[in-house]
1. Relative contact order for chain B: what is it in percent, counting Cα pairs under 8 Å that are at least 6 residues apart?
2. What ranking of A:Leu82, B:Leu49 emerges when the number of other C-beta atoms within 10 Å of each C-beta is taken as an exposure proxy, fewest first?
3. Out of the trypsin sites (Lys or Arg not before Pro) in chain B, which ones are loop residues according to DSSP with at most 13 other C-beta atoms within 10 Å?
4. Loop only by DSSP, 16 or fewer other Cβ within 10 Å of the Cβ. Give me the GluC sites (Glu not before Pro) in the stretch B:21-73 that pass, ordered by residue number.
5. So for chain A, averaging the separation of alpha carbon pairs under 8 Å that are six or more residues apart and normalising by length, what relative contact order in percent results?
6. Taking the Cα centre as origin and putting +1 on Lys and Arg beta-carbons and -1 on Asp and Glu beta-carbons, what dipole magnitude results for chain A, to the nearest 20 debye?
7. When the helices in chain A are scored as -39500 (n - 2.57) per DSSP H run of 4 or longer and the sum is shared across all residues, what 222 nm value do you end up with, to the nearest 500 deg cm²/dmol?
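Where a number appears in this text, it was derived from the coordinates with a stated rule and is not lab data. It should be emphasised that the depicted structure is a prediction, and the values quoted were computed from it without experimental measurement. Note: ideal-geometry Cβ built from the backbone for every residue, glycine included; neighbour counts use all protein chains shown.
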Amino acid sequence: MAFEEKRAWIMLVVSVCAYAVYAVIILGRASGASLTEVPYAATLLWSVGAAIVISIVLNIVVSIASGGPAKKDQRDREIGRLGDYIGQSFVVIGGVTALLMALAKMPYFWIANAVYLAFVLSAVLGSIAKIFAYRKGFQTW
Amino acid sequence: MVKPTRVTNSIRALRFAHDELTQAELARRIGVTRQTVIAIEQGKYSPSLELAFQIAHVFRVPLENVFHYPEVP
């Protein structure tokens, strides 16, 4: 498996797990009450921070286990661009959604969570696109 | 999502014809990873024109001896 494909797997798994833990904690706190009353900011920041730290640690571990970081070649760069292109579309969607929600004076809870969900979807779908390209093929001609 | 390419190649045959050149050695000579050579051989990745020429140069054959495209009827 290409080193960059391993990195895509790490991003996918860590993003999904971090968001799942966050969602379980927040929904558990709400337990039937309104979600906008639930304290979420610290949990959200810890979830994002933990995902970043865990990703870095796993990348280092995989790099060491693979005998050092592999140099990116042409195929890695092209697949990376494809994944980033797909992932970034969700960042834009999240930004526009947050803008519209702010204009509609919606609670901060929903605005923050819309942006966080967009970040997660960006990471997840970008990673899936990369993994798919590595597994099923990627044609530039 | 992935449109299958009509470009085929003879890299595997050429490797064996050149003292069983390994995928790793071919990868080293053209400056890519072994996984990329495998993907090219299997038709899962179409290399850039420059990389295609580099592969042909390793085998000292013209480009059309390495990569093939079916004639339009």
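1. Working: 64 pairs, mean separation 29.8, N = 73.
Computed over chain B, the figure is 41 percent.
2. On the way: A:Leu82 18, B:Leu49 12.
Going from least to most buried by this count: B:Leu49, A:Leu82.
3. Details: sites: B:Arg6, B:Arg12, B:Arg15, B:Arg28, B:Arg29, B:Arg34, B:Lys44, B:Arg60; in loops: B:Arg6, B:Lys44, B:Arg60.
Passing both the DSSP loop test and the Cβ count: B:Arg6, B:Arg60.
4. Details: sites: B:Glu25, B:Glu41, B:Glu50, B:Glu64, B:Glu71; in loops: B:Glu71.
In loop regions of the stretch B:21-73 (DSSP not H, G, I, E or B), the sparsely surrounded GluC sites (Glu not before Pro) are B:Glu71.
5. Values: 117 pairs, mean separation 50.8, N = 141.
Relative contact order for chain A comes out at 36 percent.
6. Working: 12 positive and 7 negative charges, 48 e Å.
Dipole magnitude for chain A comes out near 240 debye.
7. Numbers: 4 runs with 112 residues, N = 141.
-28500 deg cm²/dmol, from helical runs alone.
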